[in-house]
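A.B. asks: Have a look at this one.
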Amino acid sequence: MLSALEVFTTVVVGVMVGVEFSVAFFVNPILDGLPGDNGLRGRTHGARLLGAVMPFWYIGSLVLVAVWAVAGRHHHDAGLVVTAAALLILSVIMSVLLLVPINNRVKTWNADGLPADWKQQMNRWDRFHYVRVAVIIAAFALLVGALG
């Protein structure tokens, strides 16, 4: 049973990492290269869509890793799982304190009423997101290491 939990958790976290990596290194750069306000419209739509889904994915991933950590606390790789959980906690804290406030503003933007610093806010979100992606990649790598 523990093996199934380990594999399922690793897959859930890995797919989340893939989505966030894709947003950081492919989707947002593609959107930023579109003409006119098309990239901004794509980002506002993405903020609404992913802003509705990702909180559940992050918290769900953290819960799965916490269950794994408790269920496997006597295994030799428990430290890796606990460290991965700590990194996922850090990613949730980063999200709530740094990324969600910007995302909540972006969701409301339209081409007619943009704040003067909208590009700076997008760049700030991107920088925070790169760090968050690095954190969740590290958590994922620890989980993969704990599978062995």
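The values are calculated or read from the model by the stated rules, or taken from the named source; none is laboratory data. Values in this document were obtained by computation on a predicted structure and should not be read as measured data.
A.B. asks: How many of the residues in the range 35-88 are at pLDDT 95 or above and either of a type in the set (Ser, Thr, Tyr) or not in a helix (DSSP H, G or I) (or both)?
C.D. replies: The total comes to 3.
A.B. asks: Of all residues in the range 99-121 being part of a helix (DSSP H, G or I) and over 16 Å from the mean Cα position of the chain (by Cα), which is farthest from THR44 (Cα to Cα)?
C.D. replies: Of all residues in the range 99-121, those part of a helix (DSSP H, G or I) come to 99-106, 118-121.
The next check asks that each one be over 16 Å from the mean Cα position of the chain (by Cα); those that pass are 105-106, 118-121.
Values: ARG105: 9, VAL106: 6, TRP118: 12, LYS119: 13, GLN120: 15, GLN121: 13 Å.
Filtering first and then ranking leaves GLN120.
A.B. asks: Moving to a separate point now. Could you tell me whether the range 122-134 includes any residue that is of a type in the set (Asp, Glu) and modelled with pLDDT of 95 or more? Outline the logic, then answer.
C.D. replies: If we filter the range 122-134 for residues that are of a type in the set (Asp, Glu), which is where we start, we get 126.
With the extra rule that they be modelled with pLDDT of 95 or more, the set shrinks to 126.
There is at least one residue in the range 122-134 that is of a type in the set (Asp, Glu) and modelled with pLDDT of 95 or more.
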